[in-house]
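Worksheet: one structure, shown below.
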Amino acid sequence: MSGLTTAADLGRTSALGVESARDLARHAAAHPGLFPARPFDPGFFHSLGLAGAFGSPWATTRELRTVNRAALWVFAADLQIDHVATSRDEVAALVAGCLAVAGGQDPDCPLTRFLSELRDDLDGDPRWRDQLRRMLTAMEREWAWRESGAVPGLDDYLANADSCGSSFVNLSHWLSTGDPWTLAHLDRVRAAGDEVQRYLRLLNDLSTYDREARWGDANALTLGADRTEVTGRMARHSRAAAELIAPLFTTAPRTALYLERQMGFNTGFYGIADYWGEL
């Protein structure tokens, strides 16, 4: 019977992912022009829905709405900055516009209209606005690296890991659904999430190197790190994350499980697939 129970749990989580994917696809359709079919193919929405579901399998689709939509927005912003913007001034204007809308201004383009919905859902929390600033600044810095041909070392590259958006998505999730202890101790929880983010940044780089090399995206390997160095740093950040997550099981077990499962899900996922479709 244990196998039946496990299969039932996996079935529920998968169904949660499917419903989340449908919600994401509907939301993307409500923002025409922001999510072109290439690279936002059907597999993209299902991948993102599954990531949210396997991170918090105890949740409902409604409870996952903020984390899923925050992740969806990150991908939209990444595409706009990395592949739609054609100049540094254009990138800077896009970042400034997003930060202005996060601070309460009215949106003036599809990306900021979507962002304003997230802002309103989270009441414009100042911690959320700060994390958004960190993420967009990191994205802009990567754009500048590419334009200038700069080759940052691995330490500098990982110091810029906010560009991948994992910590922004995590914080959006906790502000929306976090338990009282998590919300009262966000500094500790975010420190653990930042280690997870560094691990995921390198996991993505190893797994999507061919695609990112074609697209011209920042990647530890294209910037000169070798695979042995990257896997060594991944192990280091995995251990650091585990050490920070372990105490959370006593005070905020679902927060701890969310971070642990985020690492586990993506480790398995990237062994076979990528979130992005073809550009």
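The values are calculated or read from the model by the stated rules, or taken from the named source; none is laboratory data. The shown structure was predicted, so the numbers you read here are calculated from the model rather than taken from an experiment. Every residue, glycine among them, receives a Cβ derived from its backbone with ideal geometry; neighbour counts consider all protein chains shown.
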Inset, instruction - Considering every residue within segment 27-40, establish whether at least one is within 20 Å of residue 259 (Cβ to Cβ) and in contact (Cβ under 8 Å) with a residue 60 or more places away in the chain. - result: no
Inset, instruction - Please work out which one of (1) small (Gly, Ala, Ser); (2) in a helix (DSSP H, G or I); (3) at pLDDT below 95 is the condition residue 33 fails and give its number. - result: (2)
Inset, instruction - Scan segment 88-135 for residues that are of a type in the set (A, V, I, L, M, F, W, C) and not in a helix (DSSP H, G or I) and report the count. - result: 2
Legend entry - Exclusive hit being touching a Lys or Arg at 6+ places or on another chain (Cβ under 8 Å), in contact (Cβ under 8 Å) with a residue 60 or more places away in the chain and among the aliphatic types (A, V, I, L, M), set 154, 171, 99: 154
Inset, instruction - Starting from residues that are modelled with pLDDT of 95 or more and among the hydrophobic types (A, V, I, L, M, F, W, C), keep the ones in segment 199-220 and report whichever is nearest to the chain's Cα centre (by Cα). - result: 200
Inset, instruction - Please list, ordered by first then second residue, the pairs with beta carbon atoms under 9 Å, 6 or more apart or interchain, first in segment 115-135 and under 16 Å from residue 27 (Cβ atoms) and in contact (Cβ under 8 Å) with a residue 12 or more places away in the chain, second among the charged types (D, E, K, R) and part of a helix (DSSP H, G or I). - result: 117/69; 118/69; 119/129; 121/65; 121/69
Inset, instruction - Sort out which residues of segment 52-63 are touching a residue at least 60 places away in the same chain (Cβ under 8 Å) and crowded, with 24+ Cβ neighbours inside 10 Å, and write them in order of number. - result: 55
Legend entry - segment 132-160: number of residues that are more than 14 Å from the chain's Cα centre (by Cα) and closer than 17 Å to residue 80 by Cα: 10
Inset, instruction - Find all pairs meeting these conditions: Cβ atoms under 8 angstrom apart; at least six residues apart or on different chains; first residue within segment 236-261 and among the basic types (Lys, Arg); second residue in a helix (DSSP H, G or I) and modelled with pLDDT of 95 or more. - result: 261/54; 261/55
Legend entry - Evaluation of residue 138 against (1) small (Gly, Ala, Ser); (2) part of a helix (DSSP H, G or I); (3) more than 30 Å from residue 226 (Cα to Cα) (one fails), failing number: (3)
Inset, instruction - Could you tell me which of the residues 9, 41, 23, 82 is charged (D, E, K, R) and surrounded by fewer than 14 Cβ atoms within 10 Å (Cβ to Cβ)? - result: 9
Inset, instruction - Evaluate segment 69-82: report whether one residue or more is basic (Lys, Arg), part of a helix (DSSP H, G or I), modelled with pLDDT of 95 or more and more than 18 Å from the chain's Cα centre (by Cα). - result: no
